[in-house]
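In what follows, a single structure is set out as C-alpha cells and then discussed.
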C-alpha cells in the first residue's frame with residue numbers, strides 16, 4: 001500500500017542522547033515535513049524539504065537536524081541540545097504544487 | 001505571518017445533530033485550505049482540500065466552505081455519529097510555505 005511510514009511508534013530517550021525518527025514515503029512525493037505536536041499547542045513546523053539534498057528550518061528547528069539524501073526518506077534527529085523533546089512527532093508529504101498533504105501515524109518521544 | 005484560529009476549542013453534541021466547525025485565517029492570500037481529522041494518539045487523516053478558487057468541497061456527510069475574502073472556512077458535519085468524535089484541524093497554505101495549522105476543535109458526539 002502507498003503511504004507514509006513513521007517508526008518507531010514509541011521512543012524513549014535518556015538525557016543527553018541523540019535519537020533519530022524515521023519517515024519513509026512511497027508516494028513519490030516531492031516535499032516532506034516534520035511537525036511537533038504538544039497538548040494545547042497545535043502542530044508546529046520543525047523542518048521541511050521540497051527537493052532532495054535541500055531542506056529549510058521551520059519555526060522550532062533548534063535542537064533538531066534532518067537530511068534528505070533520498071526522495072522517499074526524511075529522518076529527523078533530536079539532539080541533546082533540544083531541552084524539552086517529549087512530544088508527538090508527525091511527518092507529512094505532498095507532491096509539488098498546491099496539492100493535498102498526507103501524514104504518517106506519528107512517533108511519541110519520551111525523555112526518561 | 002499567517003495565523004489560523006479554530007473556534008470552539010471543544011464541542012459536545014448529541015448523536016444525529018448537524019454541526020459546524022469554524023476556522024479563520026489572517027492572510028487571505030492562501031493557495032488552499034485543508035481539513036484533517038485526528039484520533040487520539042494517531043496521525044492526521046485528510047478530509048477535504050479546498051483550492052483558493054473553490055467555494056466548497058463535499059465528501060459524504062462532510063461539507064467544507066471557503067470564503068477567502070473574509071478569511072474563513074467552515075466544516076459542516078451532517079447527522080453526526082459517535083464515530084465522528086475526534087479532533088478536527090484546519091490548515092492553510094500560503095505561497096511557497098508549508099501548511100500552517102490551527103489548534104483544532106475537539107468534537108464529542110454523545111450516543
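On the beta carbon distance between residue B:97 and residue B:39, with R0 = 22 Å, the FRET formula returns roughly 0.20.
Mean projection of the alpha-carbon convex hull of chain B over all orientations, in nm²? Let's see the in-between values first.
Working: hull surface 26.0 nm².
Mean shadow area of the hull around the Cα atoms is 6.5 nm².
Fewest-first ordering of A:112, B:100 by other beta carbons within 10 Å of each residue's beta carbon gives A:112, B:100. Packing here is the average count of other Cβ atoms within 10 Å per residue, and on that basis the peptides A:32-40, B:60-68, highest first, run A:32-40, B:60-68. The orientation-averaged projection of the convex hull spanning the C-alpha atoms of the protein assembly as shown amounts to 12.2 square nanometres.
Using Cβ counts within 10 Å as a stand-in for footprinting exposure, how do A:79, A:107 rank, fewest first?
A:79, A:107
Listing B:28, A:7 from fewest to most neighbouring C-beta atoms within 10 Å gives A:7, B:28.
Restricted to Cα atoms, the range A:18-112 shows a radius of gyration and a Dmax of 12.6, 41 angstrom. So if we plug the beta-carbon distance of residue A:10 and residue A:60 into 1/(1 + (r/R0)^6) with R0 = 35 Å, what FRET efficiency do we get, rounded to 0.05? With a Förster radius of 35 Å, E is 0.95. Within 10 Å of the Cβ of each residue in B:29-35, the mean number of Cβ atoms contributed by other protein chains is 2.
Throughout, read-outs are computed from the coordinates displayed, never taken from laboratory work. These figures come from a predicted structure and were not determined experimentally. When we count neighbours, we look across all protein chains shown, and the Cβ atoms used for this are built from the backbone with ideal geometry, even at glycine.
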